[in-house]
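Data first, discussion second: the structure below is written as structure tokens.
The values are calculated or read from the model by the stated rules, or taken from the named source; none is laboratory data. Predicted model only: the values in this text are computed from it and were never measured. For neighbour counting, all protein chains shown are included, and Cβ atoms are generated from backbone atoms with ideal geometry for every residue, glycine included.
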Amino acid sequence: MTAILTVRGLHARIAGQQVVEDVSFDVAATGVTALLGRNGVGKSSTIKALLGLYERTGEITFDGERIDRLMTHRVVQRGIAYVPEDREVFGQLTVEENLRLAERGGAPNRAIVGDLFPELIQRAKQQAGTLSGGQQQMVSLSRALMNDNKLLLVDEPTKGLAPLIVGTVTKALEAAAERTPMLLVEQNLQVVRALAHTVIVLSGGRVVHTGPAAEFLDSDLVHRHLGVSTDQEAA
């Protein structure tokens, strides 16, 4: 497996408190790698540490270049896009203005927004703060997908969404992963099963399992590390 991102011995702190401890993993240069774990084990903190949003030590190599000493904006300029858990749209701005602010050099691929989320084209002049949670997630995803990125970091994209919107977002992520590799934090194991080829499981800020997604999801490791059963996943 060729890796687009290699992480070795990553430690991260928030206000002096250790939240990620000696984490090492690879993200494949194709498809979706899922970062799993119970609530509070350091998944989102790991994503933010990769971006330089938290104090960090360790080696992070992206596309052959060490980035662990770069500021966040430099990491993003290298071609890493971030879709945050809380969406972070600019509520007072329109959908169109939110997308325009996210443009980064070259020619943004606006066509992908219309292809994946035609609803946003219809709501281009609507203030983002008046959109539903699902529509705001579409805006957040669109901001990342329309630029020519080399890696997507996507944090809890289906959290709190209605089942119908979960399906729409899952299809959009699948389409995005066909052209850009993705590190996905996701609690919905049906979404993980649909998208991921590899899982990395965290517990207590450490990696406790890495392997093929299907094998993990069909084993008792799901209950051991995530506290759910395969029956609950299918429910």
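Here is a yes/no grid of residues against (1) more than 20 Å from the chain's Cα centre (by Cα); (2) within 21 Å of Val169 (Cβ to Cβ):
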position	(1), (2)
Asp68	no, no
Glu85	no, yes
Phe90	no, yes
Ala102	no, yes
Pro118	yes, yes
Gly129	yes, yes
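Identify, by number, the condition in (1) aromatic (Phe, Trp, Tyr); (2) over 16 Å from Asp148 (Cα atoms); (3) out of contact with any Gly (no Cβ under 9 Å at 6 or more places or on another chain) that Tyr82 doesn't meet.
(2)
Tell me yes or no: at least one residue of the stretch 46-65 is in contact with a helix residue (DSSP H, G or I) (Cβ under 6 Å, 6 or more places away or on another chain), closer than 20 Å to Ala177 by Cα and either β-branched (Val, Ile, Thr) or free of Cβ contacts under 8 Å to residues at least 24 places away in the same chain (or both).
Checked the stretch 46-65: no residue is in contact with a helix residue (DSSP H, G or I) (Cβ under 6 Å, 6 or more places away or on another chain), closer than 20 Å to Ala177 by Cα and either β-branched (Val, Ile, Thr) or free of Cβ contacts under 8 Å to residues at least 24 places away in the same chain (or both).
Given the conditions (1) out of contact with any Ser or Thr (no Cβ under 9 Å at 6 or more places or on another chain); (2) surrounded by 14 or more Cβ atoms within 10 Å (Cβ to Cβ), which single one is not true for Glu215?
Glu215 satisfies every listed condition except (2).
Pairs only if they're at least six apart or on different chains, beta carbon under 9 angstrom, first in the stretch 96-111 and within 14 Å of Val76 (Cα to Cα), second in a helix (DSSP H, G or I) and among the polar types (S, T, N, Q); list them, first residue then second.
So the pair list comes out as Ala102/Ser142; Arg104/Gln77; Gly105/Gln77.
Let's see how each residue does on (1) under 22 Å from Pro108 (Cα atoms); (2) buried (at least 19 other Cβ atoms within 10 Å of the Cβ); (3) out of contact with any helix residue (DSSP H, G or I) (no Cβ under 7 Å at 6 or more places or on another chain); (4) not hydroxyl-bearing (Ser, Thr, Tyr):
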{"site": "Val139", "(1), (2), (3), (4)": "yes, yes, no, yes"}
{"site": "Leu145", "(1), (2), (3), (4)": "yes, yes, no, yes"}
{"site": "Leu164", "(1), (2), (3), (4)": "no, no, yes, yes"}
{"site": "Pro181", "(1), (2), (3), (4)": "yes, yes, yes, yes"}
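Matching residues to (1) modelled with pLDDT of 95 or more; (2) surrounded by fewer than 16 Cβ atoms within 10 Å (Cβ to Cβ); (3) part of a helix (DSSP H, G or I):
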position: Val7; (1), (2), (3): yes, no, no
position: Leu10; (1), (2), (3): yes, no, no
position: Val23; (1), (2), (3): yes, no, no
position: Asp26; (1), (2), (3): yes, no, no
position: Leu35; (1), (2), (3): yes, no, no
position: Asn39; (1), (2), (3): no, yes, no
position: Leu50; (1), (2), (3): yes, no, yes
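Here is a check on your reading of the model: is Ile60 over 14 Å from the mean Cα position of the chain (by Cα) and within 25 Å of Gly211 (Cβ to Cβ)?
On the way: over 14 Å from the mean Cα position of the chain (by Cα): yes; within 25 Å of Gly211 (Cβ to Cβ): yes.
When the stated conditions are applied, Ile60 passes them.
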